[in-house]
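Let me begin by presenting the structure, written as structure tokens, before commenting on it.
Bear in mind these aren't lab numbers, they're just calculated from the coordinates by the rules spelled out. All figures in this text were calculated on a predicted structure; none of them were measured in a lab. Cβ: placed from backbone, ideal geometry, glycine included. Neighbour counts: every protein chain shown.
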Amino acid sequence: MPRFDVTIAGEINLDLVLYGLPPEMPVERELLASDFQATLGSSSAITAHNLAALGAKTGFITRAGRDPLGAIAIERLAAIGVDLSRISYTQRGTSTGITILLHHGNERHILTYPGTMFEMSVKDLDLDYLASGRHFHLSSLFLHKSLHADLPGVFRTLKSAGLTLSLDTNDDPEDRWEGALDELLDLTDILLPNAQEACRIARKSDLEEAIELLSSRVPIVAHPADCGHSGGYDRRRRQLQRRLFERICKGKDAGGMRSNGQPNGGSVDPASRRDRSLQRRTVIAAIHGRALKSCHRGYDGESTCLVGKPNGSCRQQ
């Protein structure tokens, strides 16, 4: 029996988020923000946190610095129940990375110091540990400089062990969208781009054309419409997403339904179906590694915040 529902290898850092700043920011001026947050950051760590908050047994391999910001991020994951037994620490004195987000309404500046993100290599990965899950997830493809070239081999090893695989590339700071990406697409079961990333990966200017092209290579392409932001599902994607959800959440009891989709007894009322649909979308959103606007009901029926903040409030990052 698998030890974990999901295993993840990736970066860890805090996000420092400032709100209310103007899009155009002159130099040598003191600009005042209207609000501020320090919260768990990095797509990989947020994904691990969110899945653990939903009740999934989650194992996380990362590389951190021995510094206060890294310690805070690690404490956030440990507190929610993420297994960190395979974490490694840099021996070079490198700091844990940090991301500063400057929000301007619906847009934002994203400023990142990679730190230990650039150092983690295949030598830091315990492949037997990663293979002890049902599903493996990778985020921030282009921030894993030392790991990047070895990722196709890692994916093949885990796929041959029977795991399903998901990939959230996040942005490519060099805007090249090359390297291991093309090879990884053919090994990936679920791809999680936002609209801009989908177009860049597919090298298309039209989102629908990009999704169509990517869907010809990857069984599930879960873009923002699949997280309940807009649009809807087509029947094929809905079936594939249900299959992935059941695989990740095998054995969990939610909304009066067993994990095989059968009711515990009697017919399933429409509210239970809506709950199940919400939980599927929530899992997809959780492995997007991006904070959600609202709290969602977890497997135990309790309200669970999917943002890595201790006060229980949820805000979109």
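Numbers at a glance
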item: The lone exception for E197 - which of (1) part of a loop (DSSP other than H, G, I, E, B); (2) more than 14 Å from V218 (Cα to Cα) it fails; result: (1)
item: Output for region 89-116, where each listed residue is assigned to a strand (DSSP E or B) and polar (S, T, N, Q); result: T96, T99, T112
item: Only listed residue being aliphatic (A, V, I, L, M), without any contact (Cβ under 8 Å) to a residue 60 or more places away in the chain and either under 27 Å from Y129 (Cα atoms) or in contact with a Leu (Cβ under 6 Å, 6 or more places away or on another chain) (or both), chosen from A9, A48; result: A48
item: Neighbours by Cβ (under 8 Å, 6+ apart or cross-chain): first from region 70-93, acidic (D, E); second part of a strand (DSSP E or B); result: D83/F4; D83/T58; D83/G59; D83/F60
item: Leading residue by the ranking (nearest to E24 (Cα to Cα)) among those in region 94-111 that are touching a helix residue (DSSP H, G or I) at 6+ places or on another chain (Cβ under 9 Å) and in contact (Cβ under 8 Å) with a residue 40 or more places away in the chain; result: I98
item: Candidate set from region 162-185 (those that are closer than 24 Å to S132 by Cβ and touching a strand residue (DSSP E or B) at 6+ places or on another chain (Cβ under 9 Å)); member that is surrounded by the fewest Cβ atoms within 10 Å (Cβ to Cβ); result: G162
item: Complete set of residues in region 36-58 that are in contact with a Gly (Cβ under 6 Å, 6 or more places away or on another chain) and on the phi < 0 side of the Ramachandran plot; result: T39, L40, S43, S44, I46, T47, H49, A52, L54
item: Filter pass, K145 being under 30 Å from C199 (Cβ atoms), touching a helix residue (DSSP H, G or I) at 6+ places or on another chain (Cβ under 8 Å) and either in a loop (DSSP other than H, G, I, E, B) or basic (K, R) (or both); result: yes
item: Matching entry among A71, A38, A33, A78 (being part of a strand (DSSP E or B) and surrounded by fewer than 18 Cβ atoms within 10 Å (Cβ to Cβ)); result: A38
item: Selected residue (criterion: nearest to the chain's Cα centre (by Cα)) from residues of region 8-40 that are over 30 Å from K159 (Cβ atoms) and among the charged types (D, E, K, R); result: D15
item: Which listed residue, of N106, N50, is under 30 Å from L21 (Cβ atoms), out of contact with any strand residue (DSSP E or B) (no Cβ under 7 Å at 6 or more places or on another chain), crowded, with 21+ Cβ neighbours inside 10 Å and not basic (K, R); result: N50
item: One residue from D150, D126, D83 being in contact with a Lys or Arg (Cβ under 8 Å, 6 or more places away or on another chain) and surrounded by fewer than 17 Cβ atoms within 10 Å (Cβ to Cβ); result: D126
item: Output for region 142-182, where each listed residue is under 21 Å from M117 (Cβ atoms) and among the charged types (D, E, K, R); result: K145, D150, D168, D171, D172, E174, D175, R176, E178
